1. Using a Förster distance of 25 Å, how high is the FRET efficiency between TRP95 and ALA9, based on the Cβ-Cβ distance and rounded to 0.05?
2. For TYR66 and VAL80 in the same chain, what is the full-extension length gain: residue separation times 0.36 nm, less their Cα-Cα distance, in nm?
3. Using DSSP to call loops (not H, G, I, E or B), can you name the chymotrypsin sites (Phe, Trp or Tyr not before Pro) in the stretch 1-75 whose Cβ has at most 13 other Cβ atoms within 10 angstrom?
4. Keeping the other protein chains in place, figure out the carbon and sulfur percent of the accessible area of the chain, with a 1.4 Å probe.
5. How large is the accessible surface per residue of the stretch 1-68, computed with a 1.4 Å probe and reported in Å² as a whole number?
Amino acid sequence: MEGWDRSKASPCFNNAWAMVSRRGHGVRAHLHPNSLFSGVIYLRATESCGDIAFLDPRGGSQMLQYPQIEGAVMKNNGRVVKSVQPGLMLLFPSWLWHEVDPSETEQVRICISFNVGMRPIPSTA
């Protein structure tokens with residue numbers, strides 16, 4: 001990261017977990033406190049298994065929404081959806097709100113999510 005004084009703190013792996021999701025499973029909007037970056041790797045994913053959506057974190061950004069063309073992919077509506085597929089890895093800032101749409105298929109979605117934080121380096125003085 002630009003401007004990061006690595007003599008005072010270094011990046012570190014915080015934690016990871018696996019998720020196996022079935023029909024109807026989704027994840028409500030959330031973020032990952034005490035981390036710098038978060039990520040997800042999709043091991044198994046099929047069409048309609050539940051896409052991930054990133055939400056605009058700016059307060060008031062959705063105060064007035066303009067009419068949208070049905071079926072159009074709109075990036076200015078405060079919600080950007082990313083279709084998932086096996087092998088896809090996404091890395092994003094941990095402060096970014098995100099959610100997973102409920103699965104509409106009988107096929108399971110399997111992913112591994114993780115967080116990266118920082119570890120303070122003790123002063124030698």
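1. Numbers: r = 17 Å, r/R0 = 0.69.
Calculated transfer efficiency: 0.90.
2. Length difference between fully extended and current span is 3.4 nm.
3. Sites meeting the loop and neighbour criteria: TRP4.
4. Of the solvent-accessible surface of the chain, carbon and sulfur hold 57 percent.
5. Dividing the accessible area of the stretch 1-68 by its residue count gives 70 Å².
The values are calculated or read from the model by the stated rules, or taken from the named source; none is laboratory data. As the structure is a computational prediction, the values presented were derived from the model and not from experiment. Cβ sites come from the backbone with ideal geometry, for glycine too, and all protein chains shown count toward neighbours. The accessibility values were calculated without ligands, DNA or RNA, using every heavy atom of the protein model including side chains. Shrake-Rupley method; radii C 1.70, N 1.55, O 1.52, S 1.80 Å.
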